[in-house]
Amino acid sequence: MIVIKTDEEVKFIRQACMVASDTLRSVRSLVKPGISTNELDAYIENEILAKGAKPAFKGYRGYRHASCLSVNEEIVHGIPSKKVLKEGDIIGVDVGAIVNGYYGDVAETMPVGKIAKSAEKLLKATKECLYIAIKKAKRGARLGDISSAIEQYARSKGYNVVRDLFGHGVGKALHEDPLVPNFGKPGSGPKLEKGMTFAIEPMLNIGTGDIVTLDDGWTVITRDRQLSAHFEHTVLITEGDADILTKGVI
Ligand code: MF3
Ligand code: CO
């Protein structure tokens with residue numbers, strides 16, 4: 001069941017999204033060769049707490065960190081570690097926050113120093129994919145319109161989408177209905193209604209869309225070890241264009 005949020009609930013989701021997105025954006029300036037993903041995670045946790053919120057991922061199904069930090073062939077759910085970033089890497093930074101029991105979820109893949117043209121193109125296309133999808137997130141449209149826009153745009157740029165991981169409703173839980181696939185048919189799926197809040201999160205691969213989950217139980221990588229990028233916004237369906245709750249002010 002897709003929960004329609006009240007104005008009061010949207011207020012808290014918006015605050016959680018703001019904390020998550022401002023935190024995410026402030027990480028950009030720290031992402032440089034020489035910093036470890038543990039250091040980035042510690043910074044993220046402190047920022048979320050300093051803003052009076054709670055890290056949403058910590059404690060979620062036994063996950064022990066405030067962020068997911070996914071480097072190069074890691075698609076999502078990379079676990080912060082002693083791994084040190086180096087020039088040319090790309091890193092997906094995924095941040096969630098809780099305010100008054102309501103969630104916000106946002107992610108962006110960032111370059112580490114100067115990156116290859118091929119990586120730059122992948123980041124650009126994945127970000128564009130997210131914004132094209134958000135344009136489809138209008139009252140009266142179908143969820144499949146969003147999903148198919150992601151798949152079509154990715155294909156048009158020569159990339160494959162990940163088919164085993166999804167966007168999701170966001171509200172009183174990090175993951176609610178509906179699932180938001182990164183592929184699908186226009187005109188299919190549930191009708192979008194005012195007051196729905198969900199995360200749209202395209203994951204694009206240079207190689208095939210196939211994934212492998214590592215033995216740590218979390219880290220999802222590309223089967224062929226080629227690069228993957230991930231961008232995510234939490235959006236609210238309104239009377240008009242979707243409201244990007246994780247747009248942030250920074
Ligand atoms: N933002 C991610 C998602 O929506 C992270 C959740 S996994 C977690 O899937 F355990 F780290 F929280
Ligand atoms: Co998410």
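Residues of segment 1-23 being among the basic types (Lys, Arg), over 19 Å from ALA107 (Cα atoms) and open to solvent by 30 Å² or more (accessible area, probe 1.4 Å), which ones? Lay out the reasoning, then the answer.
Quick first cut of segment 1-23, residues among the basic types (Lys, Arg) only: 5, 11, 14.
Right, trim to over 19 Å from ALA107 (Cα atoms) and you get 5, 11.
The answer is LYS11, and nothing else.
Where in segment 75-189 are there strands (runs of 3 or more DSSP E), lying wholly inside it, with at least 1 residues that are surrounded by fewer than 18 Cβ atoms within 10 Å (Cβ to Cβ)? Walk me through it before giving the result.
On the way: elements: 90-99, 102-111, 167-169, 176-180.
Fully inside segment 75-189 and qualifying: 102-111, 176-180.
Within segment 192-216, which residues are under 19 Å from the mean Cα position of the chain (by Cα), within 16 Å of ligand 1 (Cβ to nearest atom) and open to solvent by 40 Å² or more (accessible area, probe 1.4 Å)?
THR213
Counting only residues that are hydroxyl-bearing (Ser, Thr, Tyr) and away from ligand 1 (no atom under 13 Å from the Cβ), which one in segment 69-108 is farthest from ARG28 (Cα to Cα)?
Taking segment 69-108 first, the residues hydroxyl-bearing (Ser, Thr, Tyr) are 70, 81, 102-103.
Keeping just the survivors that are away from ligand 1 (no atom under 13 Å from the Cβ) gives 81, 102.
Numbers: SER81: 18, TYR102: 25 Å.
Checked segment 69-108; the qualifying residue farthest from ARG28 (Cα to Cα) is TYR102.
For TYR159, which of the numbered conditions (1) within 16 Å of ligand 1 (Cβ to nearest atom); (2) over 17 Å from the mean Cα position of the chain (by Cα) fails to hold?
Of everything listed in (1) within 16 Å of ligand 1 (Cβ to nearest atom); (2) over 17 Å from the mean Cα position of the chain (by Cα), TYR159 misses just condition (1).
So that you can scan it fast, the table gives a plain yes or no per residue for (1) closer than 14 Å to ALA137 by Cβ; (2) assigned to a loop (DSSP other than H, G, I, E, B):
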position	(1), (2)
VAL212	no, no
ILE221	no, no
ASP224	no, yes
ALA229	no, no
VAL235	yes, no
THR246	yes, yes
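For segment 24-68, name all the residues that are among the small types (Gly, Ala, Ser) and open to solvent by 30 Å² or more (accessible area, probe 1.4 Å).
Answer for segment 24-68, where residues must be among the small types (Gly, Ala, Ser) and open to solvent by 30 Å² or more (accessible area, probe 1.4 Å): SER29, GLY34, ALA42, ALA50, GLY52, GLY59, GLY62.
The values are calculated or read from the model by the stated rules, or taken from the named source; none is laboratory data. From a predicted model like this one, the values you see are computed outputs, not experimental measurements. Glycine also receives a Cβ, built like all others from the backbone with ideal geometry; neighbour counts cover every protein chain displayed. Each accessible area value is taken on the protein alone, full model and side chains, heavy atoms only, with ligands, DNA and RNA left out. Shrake-Rupley method; radii C 1.70, N 1.55, O 1.52, S 1.80 Å.
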